[in-house]
1. Being out of contact with any Pro (no Cβ under 9 Å at 6 or more places or on another chain), touching a residue at least 60 places away in the same chain (Cβ under 8 Å) and surrounded by fewer than 19 Cβ atoms within 10 Å (Cβ to Cβ) is the filter here; which residues of segment B:283-305 pass it?
2. For segment B:372-417, enumerate the residues that are modelled with pLDDT under 85 and within 14 Å of chain A (Cβ to nearest Cβ).
3. For the condition free of Cβ contacts under 8 Å to residues at least 24 places away in the same chain and over 26 Å from B:Tyr406 (Cβ atoms), what is the one hit in B:Ser337, B:Ser343, B:Ser332?
4. Name the residue, out of A:Ala136, A:Ala180, that is surrounded by fewer than 18 Cβ atoms within 10 Å (Cβ to Cβ) and of a type in the set (A, V, I, L, M).
5. Condition first: out of contact with any helix residue (DSSP H, G or I) (no Cβ under 6 Å at 6 or more places or on another chain) and either more than 24 Å from B:Phe174 (Cα to Cα) or of a type in the set (Val, Ile, Thr) (or both). Can you find one or more residues in segment B:237-250 that meet it?
6. Residues being within 30 Å of A:Asp65 (Cα to Cα) and touching a Pro at 6+ places or on another chain (Cβ under 7 Å): count how many of those fall in segment B:440-463.
7. Inspect segment A:159-178 for any residue being farther than 25 Å from A:Gln48 by Cα and touching a residue at least 40 places away in the same chain (Cβ under 8 Å) and give the result as yes or no.
8. For segment A:133-173, enumerate the residues that are at the interface with another protein chain (Cβ under 8 Å from one of its Cβ atoms) and in a helix (DSSP H, G or I).
Amino acid sequence: MSNVNRREFLAGLAVMLGTVSVTSPLVKAVEVGLTFKPPTKTDVFCEQQLNIIARISEIIIPTTDTPGAIAAGVPFYIDHIAANWMNKNQSSQLIAGIDKIEMDTKTKYGKGFLEQSNITQVAIVQALDDNLKHEATYKTLKTYTVIGYYTSKIGMSEELNYDPIPGPYKEIPFSDVGKAWS
Amino acid sequence: MIKSQKTKTTQAGKTIKVKNYDFDAIVVGSGMSGGYAAKEFCEKGYKTLVLDRGKPIEHGNYETEFKAPWDMEFRGKIHADEIKEKYFIQKKGHGVSDYSKHHFINDQENPYVQEKPYLWTRSSKVGGKSLIWGRQSYRWNKLDFQANKKDGHGIDWPIRYDDLAPWYDYVEPFIGISGSYENLDELPDGKFLPALPMNIAERQVKTSIEDNFPGRKVIPARVAHLTESQPVHLELGRGQCQSRSECSRGCSWGGYYSSVSASLPAAKRTGNLTLTANAQVQEVLYDNKTGKASGVRYVDTVSGENIIVTARVIFMCASTLGTLQILMNSTSAKYPSGIGNTSGVLGHYIMDHIEGSGARGTVPGYLDSYYKGRKPGGVYIPRFKNLTTQQGNSSKQEKYLRGFGYQGGAKRPTRISAGRAKQTGIGKSFKEANRTPGHWQFVIWSFGEVLPDFNNRVYLHPSKKDQWGMPLLVACVEYGENEQKMKKDMTDNAVEMLKAAGLKNVKGYNKAMPPGRSIHEMGGACMGRDPKTSYLNQWNQNHEVPNLFVTDGAAFSSVSCVNPSITFMALTARAVDYAVKQLKNGII
């Protein structure tokens, strides 16, 4: 991506993100169609860590003409994964990694990640993404953001086309559906 | 139905309940073979008891069938701890997910011994592996039944293709197999429902491969899916395949064949079926006075009771290795190494198909073309190596014996369909890129014929037993030089064909897989002409104990390179027909 394109991209993204307040509480798990027991308290992440995860996941998959990562329950999903899927070592590394993102932001910009402007937050995430292979924490967050979003009800049935009972297989022009099956 | 019931105590002090039912037939196992045996016996008017070690399952009541990913705690993946605890063998095989895991056996509770690495996939439910099978359905060819005689490996089959052809004709319409008529010697046509359509990328690959390699064919996969329900299916409540591609969870439509959706309901409606789940058959009982099998002893795995049931004829359909385990455990003064095993061949010649070799690549173009539905089968490339045609023309003799075929197909996966985030990118453009299906990806994988080898065997562990007292099975099976050479050729030919077909980014693979992984295990109670070298005669009947039949994969003397299930069923139907004639004539 050229510099000009990237600037345009970041500016456009910041406008979109403007609709989501940085300090807005997370969407409740029950409202996003999670059927596993939503965390009543976060087993793994403190509120600040969960909010950082929420911001990063929403920057990776923002609200556009379809809902984004927060609406799809991605932060709760990642919390659930960290508490119940990862082993102790993996979740500790993830927690430490998120704290490091917060520390690095403070060192570089004077304030914590959540206090940064949308543009700065996006720039931070973009830099991490550009270096995806070597950013273990971010890579983990991105992996579970992508899985969590595209296996959520919103990701599967609003963002993509959900077709649980397709009927007999047939060929169609792509233009008939315009987007991929989930 | 119980004629009498008494309790006796063995010398070892074990209490055994003896139930004298008025059963004509006992069928051990309810999967591909057992379900079909039950249907045949019941439809011919014989009171039939089916015993299955699995838990009960009800067609139309499959617990995960309508779960969406977001209904699952880990979105369809099984937790590593659960794999470690319960599915450390099963997960290495095919088809185990969080949606289907309950259809597979708990490895912790059901141990076996691997003297050499062997992957044993087992079902935990009534219906056996028919619930979780791959559904690819091909007839064997004439050469397959002559192969042992021709190259001297294994025992010559006592039957030929022509003996079995009418029985394929008989079982195929009931099963419901979609396929195209191709008129090939190497892959005989059957009685087909309309073929699955090939998509545009598959059609392009077909044209290119057939143009570049005269004599090779790329045809629609033949699968046991109802592309058009016939009355024989509708009357059992089986409807058209809905292209959901979630088969291993169970299918309430009965869109694919399983004994739970088809043969067991067909047996049940006759009123002649008694089906007992949670029944681990441990031995077939031999009656020295009559020279026949008198019944079986099983353990009710819920109550722990030992129960003996009797019948006039016994069909062993407990899956290849399961059947062998029971037969080897059926010892008596006359048969110390297993009922009907004077020859000593029981447990020998264990075979399956080598797999783990093939190639993949990108079919350029056709980006305006897409599909609706998840097709239950793609393409099949029938065997083209070491063939002799009926006209006597031989293809080049390779450095190995026998041959292989390929399954495969084309799809347009999305960038995120693997569930990973390998690609960089964030924000709106990342989201939009994930909205578009990717290029057409074409993949083929191969199944190759394994040579019968006397040294490849299973046997009972001398001391280790499971929680119900059944001696553990020990697997001592390995592939030889012929298999290694063939496996490499499977990869090389796949790469060559896909490159010639104009695919991009062609990558071959040749992954080592332990024996058993193809879940096509066969042999161990082989059919043959000579009682000295084989366990069964040309009717799947034991050479010595005339009312004992084995009609699952254990009976097979060689394995072809095509998927075996419809051949299990054809042989089973044929054997029941024969057994019934013997019963009627008072011979058994």
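1. B:Thr301, B:Gly304, B:Glu305
2. B:Arg415, B:Ile416, B:Ser417
3. Matching residue, one of B:Ser337, B:Ser343, B:Ser332: B:Ser337.
4. A:Ala136
5. no
6. 1
7. yes
8. A:Lys139, A:Lys142, A:Thr143, A:Thr145, A:Val146, A:Ile147, A:Gly148, A:Tyr150, A:Lys153, A:Met156, A:Glu159
The values are calculated or read from the model by the stated rules, or taken from the named source; none is laboratory data. Please read these numbers as outputs of a predicted model, since none were measured by experiment. Don't worry about glycine lacking a Cβ; one is built from the backbone with ideal geometry, like all the others, and counts go over all protein chains shown.
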